[in-house]
Each structure stands twice: as structure tokens, then as C-alpha cells.
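Taking it in order: structure first as C-alpha cells, then the write-up.
Rule-based calculations on the coordinates, nothing more; no lab input. A quick note: this is a predicted structure, and the numbers were derived from the prediction, not measured. Glycine gets a Cβ as well: all are built from the backbone with ideal geometry, and neighbour counts include every protein chain shown.
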């Protein structure tokens, strides 16, 4: 008999060009390929595999679509706190109603705050945790509310990066298992063979355009990308008003994974990210590593978790280190060596999305065995 799982998330791509919650779609698709699972999903409207049931009702779909159009709960809480609080309460109420009426044997909840919607029926739950969830724990009373939601239930809190394990164990280790479960990577990235076709060093930044995600990229890059043989190509949707993109930046807007995989990653010298955002384990960094690209990144726990200094890239703390990193990583021999190291690390750390699904199913089975 297949295990019936209800998966919930509050972000999901509405179409092929949408970046929001793309990793959730990949998890859903990989779990849907499992013959030992029966999967139902409570998600914003978007394309689902044919064998995945939709747990939302029409009113949920309309409400979730409106929430996505407004930028999501986190955006509302930052910009319009009162409306954000009302929306968060409605979101939890809608999720709890669907979870309670489900016949699933196990819940898979994405984002720690959504664990507050778990019904008090004792069914086991797997809770995926991302970097933004760590900020949630700083809110007054949030740990108490989450501990209450987890109490008396078999749960596994599953961060997608190892650096989050210790603080989560400190907060919840006595009421829940904490188990690191890395995401996978699309197989197409591993097939990329990079080549320099015209001597130009093309550095890519693939990011949502927000102040925190871009960090000091424009400030530090201004003196680095003015020569004829070095370019910065920026990809991603504008998500905050007032961000001015300098003329020396080659901005392409949002790009599909297929476009990046076929057109841009093969010709790139490496990936740049100077994010100051609360990152967990940036998926685009894993994809770049799988593609055999070295990475030049700001020094964050999430970046240091992936980038090993002078082995598969470099971390930088200021403009001088950023400039020196570009120079060092453009050396052809060093670039190729670091690219090989990056791909090997991606294979070992992440594998593909089917590997990720297998890791989750192992956790499902462990929880159900403990329950018995």
C-alpha cells in the first residue's frame, strides 16, 4: 500500500516563467514520480503533475493567487504589517482546515511557520526549513507557539543546509528530530560543458532584484566591469521599487532555467552573489556548482556552507577582495580546476531531485516506524 502524503507550501510557480517557489515544484515533481507514494498538495495555483491531487478548494485558490500577487506574507509583514498579520491568520486557518479533513497518513509542511497550522490529531509531520525561517525564530513568542504545535506529534524538522541544524536542535531538539535534508539539482546542470568562445569573461548574477539580495554588487562592481573583456550579466525579476541598474550591467530580466542552462551557463566564467539576505542554501549556487562553475560570494553562513575558499570559489568581505577574486578566478587553469571541484561537490552534496525525494521518503518511513 502506498503512503498517502499531503504536502503544503505557500509559494509555487504560476507558470514556466515564474521563479516563486520553483524548488517546491521540483520537490512535488520528484515525489510524484515515486510509485510508493500517493501525493496531494495544498499550494497556490500552478502546474501540477497529473497524479498529484489538489487539496485546495476554489476559494483557497483565489485567495492564494491574490496573496502571491501582493508579494506573499513576508512582503506584507514588512510593508503593511497589519494586513500581513490578518493574511497570516487567514492562511493558517485555511491550511488547518485542509489538513484536518485530509486522509493523508503524513504531512509534509514547507516553511516552519506553516507548522502552526498542523491539526491536533497526532499525525506525523516533516517540516522543511529554509534560511528565512531562522529570522522567524527571533519573533517574540514564536518558539513557544511552534513548540506547542510540535508537542505530542512525531515530527522531523528538516533544514536544507547543515549550518541550520545546531540552532534548530537548540530550539526544538527536545520535542522534534532535526535532520538535514539537502535539496537536489536538475540533471541538465550536470551535463553542461563550459567553453570560452571569444575571450570575454562573463560573470553571472541570478537573483531576485531586492536591496538585500543584490547587496553591494553595483557598488563593488562599478570599477571591475568597465573593461572590454569582462561583463556582468544580471538575471531575475524586479521585486522592489527604486532599484536603479547601472548602465554597465547587462540586465536580462527573468530567465527560465532552460535559458540559463542552454545559453548562459556554458559561456560563463562563474557565478557572483553578494547577497545580504537571510539565505538557507541558495539553489542557484548549487546549480552553478553542478554546471562546473566557480563561485564568488559574500561571506554568509549559507555561502560558506557551499564555497570552500580557493577550492571551488572564493568568499569576499569587501570591494578589494571582490576585485581580487574576479582576477584570481579568471585564470583559465584555476577556473577549470575549481569548476571540476564544484561539480564533484554538487554531486556529493545534492545529487538530483529524485535523490532528494528518496531522502524525504526515508524520513517519512522513519517517522511512521517510530509511531508504531
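Once the Cα gyration tensor of the chain is diagonalised, what are the square roots of 5 times its eigenvalues, in whole Å and ordered largest first, as equivalent ellipsoid semi-axes?
36, 22, 20
Using the Cα atoms of the stretch 104-196, I'd like the radius of gyration and the largest Cα-Cα distance, Dmax, both in angstrom.
15.8, 58
Which three lengths, in whole Å and largest first, does the stretch 1-148 cover when its Cα atoms are put on their principal axes?
44, 37, 28
For a footprinting-style exposure proxy, rank 289, 134, 142 by other Cβ within 10 Å, fewest first.
Result, fewest neighbours first: 142, 134, 289.
Using a 7 Å offset from the Cα along the Cα-to-Cβ direction at both residue 179 and residue 15, what is the distance between the two label points in nm, to one decimal?
Distance between the two pseudo-spin positions: 3.9 nm.
To the nearest Å, what is the center-to-center distance of the stretch 279-351 and the stretch 227-247, using C-alpha atoms only?
If we compute the Cα centre of each part, the gap is 20 Å.
How large, in Å, is the stretch 187-349 by the Kirkwood hydrodynamic radius built from its alpha-carbon pairs?
15.5 Å
Taking the 0 to 90 degree range and rounding to the nearest ten, how far is the long axis of helix 353-371 tilted relative to the main principal axis of the chain, both from C-alpha atoms?
Result, in degrees: 30.
At a temperature of 37 °C and a viscosity of 0.692 mPa s, determine how fast the stretch 269-347 diffuses translationally according to Stokes-Einstein, using the Kirkwood radius over alpha-carbon pairs as Rh; express D in µm²/s, rounded to the nearest whole number.
Taking Rh from Cα pairs, D becomes 273 µm²/s.
Of the residues 269, 244, 90, which exhibits the maximal mean-square fluctuation in a Gaussian network model of the chain defined by a 10 Å Cα contact cut-off?
Largest GNM mean-square fluctuation: 244.
Please determine, in degrees from 0 to 90 and to the nearest 10, the orientation of helix 332-349 with respect to the longest principal axis defined by the Cα atoms of the chain, where the helix direction is its Cα long axis.
The answer is roughly 10 degrees.
Once the principal axes of the Cα atoms of the stretch 154-206 are found, what is the range along each, listed largest first in whole angstroms?
Largest to smallest, the principal-axis extents are 57, 20, 13 Å.
For residue 69 and residue 337, what is the calculated FRET efficiency with R₀ set at 45 Å and r taken between the beta-carbons, to the nearest 0.05?
Here the calculated transfer efficiency is 0.45.
Going by alpha carbons, how many degrees (0 to 90, nearest 10) lie between the helix axis of 22-32 and the longest principal axis of the chain?
With both axes taken from Cα atoms, the answer is about 50 degrees.
If neighbour count is taken as other Cβ atoms inside 10 Å, put 330, 222 in order from fewest to most.
222, 330
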